[in-house]
Structure formats: C-alpha cells, structure tokens
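J.: Here you go, one structure.
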C-alpha cells in the first residue's frame, strides 16, 4: 500500500480509537449515524458514497474526500465515473474545488496502483 494511503488510514484509525475510547455518547451516536447513513436503502451504498464524495469536495474536506474515495474504490466506482463526480463537484462548488480535485486525483491514482 502506498505511503499516502497508509498514512491516512493509520492516522484515521488511531484517532478514531482515541475519540471513541472516551465513551462520549453523542460522539458514539454520531459515528453510528454516519455508518448507518451509507448503508443500502432507497439508494444503494455506491450511490451514497458518490454523493458523499461530491459533498466532501464541495465542503473542501480532504480527509472526507480520501475516505469516500477509498469507499468508492471498494464499491467498484470506475475512473470514468469518478471524473464525472469530480465534474459535478466542481460545477456545484466552483473553481475553489480544483485544488481538492488535484489531491483527489492523486489519491485515486494511489488507490488504483494499490489494487494492481
């Protein structure tokens, strides 16, 4: 796995453990709500992850972008689909999203290289 992917996943896992170990009910409920939001329902998981990626890009959250990119890769989103997601995010969010698109493209390439 690339350093870019390992660094993100290791830090995320470590800090999630720290936060959840404090046993704060509101934080636990928030984590649970987030998990349940992306389960299959009227929309499937793949669609929800793609929506999450657009929202994360528009909100300019690089950690969220990386998380949703990883989930999109797990759910077999294609590179062609991904670049349509990027297009929607850039139209909705404006040119300020371009730097996040660059980092997202870099992370996607790392994810693709990891699986090959």
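The values are calculated or read from the model by the stated rules, or taken from the named source; none is laboratory data. Not measured: the values here are computed from a predicted model. Here the Cβ positions follow ideal geometry from the backbone for every residue, glycine too, while neighbour counts run over all protein chains shown.
J.: Collect the residues in the range 7-33 that are under 29 Å from residue 95 (Cα atoms) and either modelled with pLDDT under 95 or surrounded by 13 or more Cβ atoms within 10 Å (Cβ to Cβ) (or both), keeping them in residue-number order.
T.: Listed by number, the residues that qualify are 8, 9, 12.
J.: Scan the range 60-83 for residues that are in a helix (DSSP H, G or I), free of Cβ contacts under 8 Å to residues at least 12 places away in the same chain and touching a helix residue (DSSP H, G or I) at 6+ places or on another chain (Cβ under 9 Å) and report the count.
T.: Residues meeting the conditions: 2.
J.: Of the conditions (1) free of Cβ contacts under 8 Å to residues at least 24 places away in the same chain; (2) surrounded by 12 or more Cβ atoms within 10 Å (Cβ to Cβ); (3) outside any helix (DSSP H, G or I), residue 39 clears all except one; give me its number.
T.: Exception for residue 39: condition (2).
J.: Touching a helix residue (DSSP H, G or I) at 6+ places or on another chain (Cβ under 6 Å) and in contact (Cβ under 8 Å) with a residue 60 or more places away in the chain, is that true of residue 2?
T.: Spelling it out, residue 2 is indeed touching a helix residue (DSSP H, G or I) at 6+ places or on another chain (Cβ under 6 Å) and in contact (Cβ under 8 Å) with a residue 60 or more places away in the chain.
J.: Only residues that are modelled with pLDDT under 95 and surrounded by 14 or more Cβ atoms within 10 Å (Cβ to Cβ): list them for the range 66-116, please.
T.: Answer for the range 66-116, where residues must be modelled with pLDDT under 95 and surrounded by 14 or more Cβ atoms within 10 Å (Cβ to Cβ): just 114.
J.: Could we say that residue 52 is modelled with pLDDT of 95 or more and assigned to a helix (DSSP H, G or I) here?
T.: Yes.
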